[in-house]
Structure formats: C-alpha cells, structure tokens
Amino acid sequence: MTALNRWCATGVAAFAMLGSAQALAQDACPKLGGVLALTGAQGAIGKVIADAGRLALDQVNKAGGVKGCQVEFALRDDTSQPSVGVDAARYLVDVQKVSAIVGLVGSGTALAVVNSVSVPNKVPTIACCAVTPTLTKMAQEGKTDGYFFRTIPTARTTALAHAQAVQDKGYKKTVIMYINNDFGIGVAPDAKKAIEKLGGKVVDMVAYNENQPSYRSEVNKALAAEPDSLVLVGLSQDGTIILREWFSLGGTPNVILHNTLRSMDVVKGIGERFLTKAVGIDNGQASGPTAETFNKDFTAAYNRPAVGPGLHTMYDAVAVTLLAMQAAPKLDGPSIRDALRAVQDPAGIEVGPGVEGLKKGLDALKAGKKIRYVGATGAFRFDKSGDVTGPMLIWKLSNGEIVTEKTITLDQMNALEQKVGL
C-alpha cells in the first residue's frame, strides 16, 4: 500500500469513527415524549396545554439543554381517546426512544398508558392533568413501580372545591351531571359526598357518554329533579353542548363548572350572557414570583394570557422532568424516576421557571449541588404515590374575562378534607 493509499485509508477510518461518535452522542441526547389531546373532545384545551410544555422545553434548551444537548420534544396527539393514547405512547417509547413521557389530559388515557406502556417499559410518566384517584390506589398497591407522577392534585381535591362553591353560593338542591368515564366517575361521587357533608343536597346524579351530537335526554332528566343549581363535570366539547341545551330548555343559570371548562373558547361557544351567574373551579396558582414569571413568559411567547386548565401544571411537568434528566446519573427510567424527587430537595438551592431560573438549576446540578424546584404552580413535592397537593380557586366571568373570585389555600383545603372525611 502506498503512503497516499495508507493516508486515505486512515482518513476514511477516522472519518467513520468520528461519524460513529457523533451518532452515538446524538443518540445519547435525551428525548422527551408528550401525549396530549390535540383534537377530539379535549382538543380545545389540549393545544394550549401543549404550548405551555413547549415553553418549558424551549427555555431549558436556551439555558443550555440537558447533558450538553438540546432536548427534542416528540409530541403526539391522542385524539382524546385512550386507545390512541396507548398507541402514541408505544410509538414514542419503541420508535422514538424517549426518556420520559409528559402530558396526559384524560384520566382514562393516563390509566391505559401507565398500565400498558410506562410500567412495562420503565418509562417515567408525569401527568399534567389526569386526576383519577385510581392511579393513587395503583401506586399504593405497588402497581406503578414508582413510574407515575403528576403535577396536578387528584380528583378528590376538585370534588372538595365543587362542594365549597355550592356552599358559598347557598345552593340547596344541586344536580350533578358528569361524563361516564374514569375522570367523571373519579370526581362526581366525592363531590356528592362533600356537598352533602357541608349541608347541601344532591337531588340527582346524571351520567352521560361523551362524543354525542346531543344530550337533550340527559339534560331533561337532570331538569326533572327541579334543581336550584348544576355542577357539571365534563370535557370542553361535550360540556359546551350540554350547557347550550341546559339553557335552551330553561335550566337555572346557577352553574358550577369543572376546570376543564375554564376556557374562553368554551365561554364563547355557549354565550357569555348565559353565564353571568356561573362560577367554576380550578387548581389555584401561587401568586408569588415563580407564577408571575411563568405568566409573563407565556403571554410574551403566545400573545395570550396564561389562563386555562393545565397550563401551569404542564409547564411544571416538563420543567421538573428535564431537571431530573440532568440530575440523573444515566438517562434510563430508574435513574430519572429517582431523580424526580431529588430535584425537589427542601435543603437545595431554590430555582424556578424562566430561562434564568432553569439555568440556575441546571448549572447547580452540573456542579453536584442539590436544588429545590419551585414551579409555575408554586412549591410542590411528590409524595410516595407520585401525587401533589395544592390550593384551589373559584373563578367567574367579568367583563369578558375569566377572573378569580376566591382562592382556597392549601391549609383551607386540608381543613375541608378533614371536615368532609374524604
């Protein structure tokens, strides 16, 4: 072999080795999977929730990324159907090789994904919006192997908030209409118990099946109980149809809406003039600097206020997961799972939302220091079941805007839970 040929062979081999190293480095970079309802019954809120997740990921990447890499967000639409959600999660894990999954608006989708994909494949799954208490029970029975977390309080918390709203308004004969799936079944019975423990009366509970063109039969059944108020636990698409028919058939304007209906798109679909006495419940956001940072950044990024279900909790789901990836010694499921609690260390350096706050956290982790992430929802910690607790709020409409009427603090929520006995 001539010197020239030897040089060429050496050069080709070196180039091949360099290409392999670059490919290995690229493969070693983390990918974050997202499963969200971008279409279907929950699509109206899911698209905005996705924006909150993208904001967190973009800010982490601007802050330097994770493990020296820019993180890819692989987002798939579950079309508001659990079976589609499972297929989406499988694709993310098997094909796109994601390190963790975030999102999951629907409780039914969350249950299916955790059972069929997350646990068998040891993929940490952090839900922004699934509230079913069934996942808590599964965790307590060891059926999640610690791979399920959520940044939103459970359905029992929302049930208590519904009861508080009924009591505040002095309603005495309430009918509850609820979607007949894991989400609705997880809220409605506890709401009934809480309302009656606080001195009210639930005159009927009417379940409905989603994705129907009309709910006239169910609405008429609810009206037959002659209620002075309605608690509606439903999704944005179905809830809009139900409320239109409720008001067209002479239903009371005294309605209390679930957080899934806290959207100006829903309000416009019904007509604000019908909702002058309506209130709703949602998870309460902290009013401190971390919440204000998120609100400001979200508005700047998307030219709309940070108001709506799942925005703050989705941001925190993505942010805390990416910080955990940085903290984890390896980008595998068990390591990330264990690091999710490690980045909430009460003795750690406090870090928060925004590029500067997240960079502070990433830099501290690189230096081997402990951190405490305080998010868009304020301070939170995952308990042994992967759950969080938090404040709630009651909202209403005022001059074409959704505004907070009342905040129920965490201490007040704990006292309410004790009183009701949930």
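Restricting attention to the range 24-66, the residues that are assigned to a loop (DSSP other than H, G, I, E, B) and either at pLDDT 95 or above or more than 13 Å from residue 326 (Cβ to Cβ) (or both) total 6.
Restricting the range 238-261 to residues that are touching a Gly at 6+ places or on another chain (Cβ under 8 Å) and buried (at least 23 other Cβ atoms within 10 Å of the Cβ) leaves a set whose member that is farthest from residue 398 (Cα to Cα) is 242.
When 188, 207, 222 are screened for being touching a Phe, Trp or Tyr at 6+ places or on another chain (Cβ under 9 Å), of a type in the set (Gly, Ala, Ser) and closer than 21 Å to residue 153 by Cα, only 188 passes. In the range 413-422, of all residues being out of contact with any Asp or Glu (no Cβ under 9 Å at 6 or more places or on another chain) and modelled with pLDDT under 90, the one that is nearest to residue 55 (Cα to Cα) corresponds to 413. State which residue is farthest from residue 166 (Cα to Cα) when the search covers only the range 228-251 and only residues that are part of a strand (DSSP E or B) and either among the hydrophobic types (A, V, I, L, M, F, W, C) or without any contact (Cβ under 8 Å) to a residue 12 or more places away in the chain (or both). Only one residue tops the list, namely 233.
Among the residues of the range 366-379, write down those that are modelled with pLDDT under 95 and out of contact with any helix residue (DSSP H, G or I) (no Cβ under 7 Å at 6 or more places or on another chain). Residue satisfying the conditions is 379 alone. Residues in the range 252-288 that are of a type outside the set (A, V, I, L, M) and not in a loop (DSSP other than H, G, I, E, B): 259, 260, 265, 268, 269, 272, 273, 274, 280, 282, 283.
If you go through the range 91-111 and keep only what is closer than 22 Å to residue 340 by Cβ and over 16 Å from the mean Cα position of the chain (by Cα), you end up with 92, 93, 96, 97, 98, 99. Looking at residue 357, is it crowded, with 18+ Cβ neighbours inside 10 Å, outside the structural domain of residue 236 (by TED's automatic domain parsing), modelled with pLDDT under 90 and farther than 15 Å from residue 153 by Cβ? So residue 357 fails the test. Scanning the range 190-200 for residues that are touching a strand residue (DSSP E or B) at 6+ places or on another chain (Cβ under 8 Å) and surrounded by fewer than 24 Cβ atoms within 10 Å (Cβ to Cβ) yields 192, 196, 200.
Scanning the range 129-188 for residues that are touching a strand residue (DSSP E or B) at 6+ places or on another chain (Cβ under 8 Å) and among the small types (Gly, Ala, Ser) turns up 130, 139, 161, 165, 184, 188. Restricting 282, 297 to those that are acidic (Asp, Glu), under 29 Å from residue 381 (Cβ atoms) and crowded, with 24+ Cβ neighbours inside 10 Å reduces the list to 282. Taking the stated definitions as given, is residue 123 at pLDDT 95 or above and either among the basic types (Lys, Arg) or part of a loop (DSSP other than H, G, I, E, B) (or both)? Against the criterion (at pLDDT 95 or above and either among the basic types (Lys, Arg) or part of a loop (DSSP other than H, G, I, E, B) (or both)), residue 123 qualifies.
Of all the numbered requirements in (1) of a type in the set (Val, Ile, Thr); (2) in contact with a helix residue (DSSP H, G or I) (Cβ under 8 Å, 6 or more places away or on another chain); (3) closer than 23 Å to residue 35 by Cα, residue 313 misses one, and that requirement is (2).
Yes/no matrix, rows are residues, columns are (1) closer than 22 Å to residue 258 by Cβ; (2) among the hydrophobic types (A, V, I, L, M, F, W, C):
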{"position": "39", "(1), (2)": "yes, no"}
{"position": "50", "(1), (2)": "yes, yes"}
{"position": "57", "(1), (2)": "no, yes"}
{"position": "61", "(1), (2)": "no, no"}
{"position": "64", "(1), (2)": "no, no"}
{"position": "68", "(1), (2)": "no, no"}
{"position": "75", "(1), (2)": "no, yes"}
{"position": "101", "(1), (2)": "no, yes"}
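Total residues in the range 361-378 satisfying the condition of being more than 16 Å from the chain's Cα centre (by Cα), of a type outside the set (D, E, K, R) and over 21 Å from residue 68 (Cβ atoms): the figure is 1. Can you pull out the residues in the range 207-218 that are of a type outside the set (Phe, Trp, Tyr) and under 21 Å from residue 42 (Cβ atoms)? Residues satisfying the conditions are 207, 209, 210, 211, 212, 213, 214, 218. Across the range 377-404, the qualifying residues are those that are closer than 30 Å to residue 275 by Cβ and touching a Leu at 6+ places or on another chain (Cβ under 8 Å), and the one among them that is surrounded by the fewest Cβ atoms within 10 Å (Cβ to Cβ) is 403. Looking at 194, 225, 165, just one residue is part of a loop (DSSP other than H, G, I, E, B), hydrophobic (A, V, I, L, M, F, W, C) and over 30 Å from residue 334 (Cβ atoms), and that residue is 225.
The values are calculated or read from the model by the stated rules, or taken from the named source; none is laboratory data. Predicted model, so just to flag it, every value in this text is computed and none were measured. Because the Cβ atoms are built from the backbone with ideal geometry, glycine has one as well, and the counts that use them run over all protein chains shown.
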